[in-house]
Amino acid sequence: VTVERLKKLLPRTKRYPTYINFIIFYRLNATSSLAMKGLAVLKGAGGAILGVAVAIGAIGKIKPSLFMSIPNVGFVLWVLTGNTLPPYFSPAAWEESEMRTWIKDGDAVVACGAKSGTTWMLQCSHSIRTKGNSKDFPFTDASYSTPWPDFIQTPGESWATQKPLMDSTEVPQGADRPYTDLWNHPKYPFRVLKSHYTPKESGGHLPVKAFPKVKFLGMARNGLDVVASMVPFFDGHTEEFRETWGGFPPASNNNGKEGAVAADDKEFVGGILKDILPGGNLAGLYFDYVREWWPLRHEPNVLLLHYADAKKDLMGTVKKLAKFYDVKLSPSEFGRVQEQCSLKYMKAHTDEYNYQVPFNRNMNATVMKSGALVRKGNNGDGKVLFSKEQQALWHAAEEKEFGAADDPALLKWARHGGKY
């Protein structure tokens, strides 16, 4: 952990405990001159701060979820003590032995990249399995109709404690009804599940080849557009959710200001760009994602799409998805599905994409603010938001990460999509 990274992680409110400054010394190699100077300072302070730092380190190893109760900076302590971001992600559900206890043949895992059309593909997948019958099988909420096993909804809980709730929880959808009736309805030809993870075979967590009868849908997007979409996405989270997770994700200085947008906070924008670049705290959300899905693109149970292609040809995308899911649609059914997959339809039903948290009884709010998740969805926003210098930095990273791959088509596809 470097001083630069610490500064980047800390919220700019300056309202954080003094002891955070000394976490650096706890994490540095004790033989470094900086560490020795730091220890001397701590000794001069009577060892009180050292004791706090050691205690924080112990909490980070034993029960890091306690950090989530610290406003604004809890997530900083979480990551500085060796835990990963986001703090509510867990791959436990996707361990091969664990998957065999709950996954079913025919299930569809929509594992799109972050800010690369995940909720869009969840909506389309649900519409296809119901053949557009939104009256009998409405898309009630992304968390209800298409569960997200990666997402641990309560700090300190786990997939092991959350799994039984998939079948026992009731949700107030019109009238109280079993949660399982919304995602695991007996009339569904297949279940739809969300993930942001990548194949185990190439370094991720999803055992794609071990489950040939489970279908995995991936989608990548132009990287700069991913980062551009991430900027308002951070501010789009409810304050209740942010408080639940120790201030993560951090908001821009413009969050909550009338007439102000996150994109105008240039320091915030630059910070997110650096976080997603290789070596950043969130680099896995893009570079690892593209690199690890690419080798499995020809697997029979994998459909790897590009956001740019799907935007250009919605009809063709619906046809590909229906074929992949082995669902035959009549002309009228296809028309309904295509309409429900459109941005216009989703904008008219934004409350269906706020992400409820049915397993967290202490949080009386959704993950996202109403309407925050369905925006423009344009291609090319990254070129508008980022400076020429920032674009050059990103392009250099792409060429280093993708250009040296065994398949020279990867770099071109990651940027623009197209056939592969």
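Things to note:
- Trypsin sites (Lys or Arg not before Pro) lying in DSSP loop within region 159-206, provided at most 11 other Cβ fall within 10 Å: LYS187
- Cα lying deepest toward the dipole's positive end in the chain, options HIS185, PRO147, THR101, charges on Cβ: PRO147
- Sequence-distant contacts, meaning Cα pairs under 8 Å at least 6 residues apart, place the relative contact order of region 147-229 at 20 percent.
- For q = 0.22, 0.23, 0.26 Å⁻¹, Debye-computed log10 I/I(0) when each Cα of region 252-320 counts as one equal scatterer: -0.94, -0.96, -1.04
- Cys with no candidate disulfide partner in the chain (beta-carbon separation under 4.7 Å rule): CYS112
- Check: region 293-420 dipole with +1 on Lys, Arg Cβ and -1 on Asp, Glu Cβ, in debye: 420 debye
- Accessible area per residue was computed with a 1.4 Å probe on protein heavy atoms; ILE70 scores about 40 Å².
- With all protein chains modelled, accessible area of MET315 [1.4 Å, Å²]: 90 Å²
- Cross-link table LYS135/LYS369; LYS115/LYS344; LYS320/LYS383; LYS163/LYS344, entries beyond 23 Å C-alpha to C-alpha: LYS135/LYS369; LYS320/LYS383; LYS163/LYS344
- Per residue, the accessible area of the chain comes to 46 Å² when a 1.4 Å probe rolls over the protein heavy atoms.
- For q = 0.08, 0.13, 0.14 Å⁻¹, Debye-computed log10 I/I(0) when each Cα of the chain counts as one equal scatterer: -0.46, -1.22, -1.40
- Here region 266-376 is treated as a sphere whose radius is the Kirkwood value from Cα pairs; by Stokes-Einstein at 20 °C and 1.002 mPa s it diffuses with a coefficient of 123 µm²/s.
- Mean separation of Cα pairs under 8 Å and 6 or more residues apart, divided by the residue count, gives region 85-161 a relative contact order of 47 percent.
- Normalised by the number of residues in the chain, the mean separation of alpha-carbon contacts (under 8 Å, six or more apart) gives a relative contact order of 19 percent.
- List LYS319, LYS328, ordered by accessible area with a 1.4 Å probe, largest first: LYS328, LYS319
- Sulfur and carbon atoms: percent of accessible area, the chain [1.4 Å]: 54 percent
- Of HIS349, HIS298, HIS126, the residue with the largest accessible area leads and the full order is HIS298, HIS349, HIS126 (1.4 Å probe).
- At q = 0.11 Å⁻¹, base-10 log of I(q)/I(0) for region 75-156 (Debye sum, equal scatterers on each alpha carbon): -0.41
- Fraction of antiparallel bridges per DSSP, the chain only, in percent to nearest 5: 35 percent
- Largest first, the residues GLU389, GLU292 sort by 1.4 Å accessible area into GLU389, GLU292.
- Once all protein chains are placed together, TYR188 keeps about 30 Å² accessible to a 1.4 angstrom probe.
- Given +1 at the Cβ of Lys and Arg, -1 at the Cβ of Asp and Glu and no other charges, the dipole of the chain around its Cα centre is 460 debye to the nearest 20.
The values are calculated or read from the model by the stated rules, or taken from the named source; none is laboratory data. Quick caveat, the model's predicted, so the values are computed rather than measured. Cβ atoms come from the backbone with ideal geometry, glycine included; neighbour counts cover every protein chain shown. The accessibility values were calculated without ligands, DNA or RNA, using every heavy atom of the protein model including side chains. Shrake-Rupley method; radii C 1.70, N 1.55, O 1.52, S 1.80 Å.
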